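Values in this text are rule-based calculations from the coordinates and carry no lab data. Computed from a predicted structure; not experimentally measured. In this analysis, Cβ positions are derived from the backbone assuming ideal geometry, glycine residues included, and neighbour counts consider all displayed protein chains.
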Amino acid sequence: MRVAVLGCGGMGRVHAGAYAEMPGVELVGVCDLYPGAAENVGAIYGVPAFASYEELLDRVKPEAVSITLPSELHKEYAIRTAEAGVHVISEKPIALTLEDAQAVIDSCERNGVQLFVGHVVRFFPEYVQMKEKIASGQLGRVGTANLRRIGGHPGEAKPWFKDESKSGGVIVDLMIHDIDFVRWALGEVKSVYCTRRVDDHVDYALVTLVFESGAVANVEAYWGYPGPFRTAAEFAGSKGLIRGDSGKTSSLQVYKEVQAEDGEKKVAVPSSPGVNSPFYLELQHFIECIRDGKEPRVTAWDAYKALEIANAARLSAETGEAVILSNQGRASNQ
């Protein structure tokens with residue numbers, strides 16, 4: 001399968017590296033508005049580099065494109081990709097507003113292409129194990145959950161992260177990982193309440209989710225944390241408890257900061273100690289779904305709902321009131 005990567009920052013390099021190693025996949029080109037960025041990645045993997053997306057589509061004719069651009073550009077380029085008849089593999093979030101998310105989904109359906117959104121936590125082995133334990137009933141009826149994801153402020157490396165109109169802030173960019181995971185584990189969310197603090201150096205949010213099952217989850221996200229990147233998750237049920245903390249169990253998760261040779265700051269990219277990274281497993285799964293026509297682990301509806309909950313949290317922080325969700329929308333499953 002011929003695959004290209006649009007966006008040659010940190011995540012673009014991760015996607016390009018995964019495709020370059022993946023059996024049955026050919027990385028056919030990379031593209032970035034900044035020619036130097038594309039040329040660097042192209043040189044590493046021996047593929048053509050482009051500064052024009054139209055030229056990439058015309059010259060190398062990919063069957064699928066990974067969109068690893070800043071979040072504000074996801075909608076525009078997902079639709080342009082779909083209109084070219086090319087399958088869309090987009091980093092999260094699917095878009096920044098529900099209206100834009102629906103437009104992406106509608107465009108992909110209208111043009112007969114598949115849409116995949118990179119909620120990669122569903123592919124981290126330790127989180128998969130948690131999901132399996134909960135689904136098996138070993139914990140009994142889950143009553144409470146606590147999830148945490150904290151690290152340095154990516155806006156120190158990439159200023160666009162500090163512009164909420166471009167990134168969605170810590171809730172849409174970082175917390176959305178745990179929002180998607182806890183919904184995958186516990187089902188639909190009924191209400192959302194959020195407290196938040198934002199300044200030039202800190203973006204902190206604490207969100208309480210009440211599920212239709214009656215379970216309650218507290219989800220915490222923090223940009224500006226002075227220590228290393230950390231994640232934690234705990235689910236307590238009537239028969240037991242399961243817990244993971246990357247800061248206490250070194251074999252559970254490993255995080256490393258991507259450093260440029262010139263010492264320039266880079267955004268930290270999470271990793272796991274398995275043979276294949278969760279990003280590789282995710283992209284390989286998406287490619288298999290294109291080939292076999294099977295439903296992906298992360299559907300378009302999942303990506304839509306994660307964004308809906310994240311934006312409800314932002315609204316709650318602004319109003320000081322809980323937001324009630326209807327769990328009805330136009331987005332369709334794939």
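Table for the structure above
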{"item": "Nearest-ten-degree value, helix 35-45 long axis tilted from longest Cα axis of the chain", "result": "90"}
{"item": "Neighbour-limited loop hits for trypsin sites (Lys or Arg not before Pro), the stretch 108-173 (at most 15 other Cβ within 10 Å; DSSP other than H, G, I, E, B)", "result": "R141"}
{"item": "Gyration tensor verdict on the stretch 1-85 (Cα atoms; rounded if a/c is under 1.5, prolate if a/b is larger than b/c, oblate otherwise)", "result": "rounded"}
{"item": "Angle between the chain longest axis and helix 176-186 axis [Cα atoms, degrees, rounded to 10]", "result": "60"}
{"item": "Exposure proxy ranking, count of Cβ atoms within 10 Å, fewest first, for L56, L206", "result": "L206, L56"}
{"item": "Extension gain (nm, one decimal) between D106 and H201, 0.36 nm per residue minus Cα-Cα", "result": "30.4 nm"}
{"item": "Listed candidates (1) 19.2, 58; (2) 35.5, 106; (3) 18.2, 55 - label of the one calculated as Rg and Dmax of the Cα atoms in Å", "result": "(1)"}
{"item": "0 to 90° range, to nearest 10: angle between helix 300-319 axis and the chain longest Cα axis", "result": "60"}
{"item": "For the stretch 19-178: lysine pairs under 29 Å (alpha-carbon distance), excluding those fewer than 8 apart on one chain", "result": "12"}
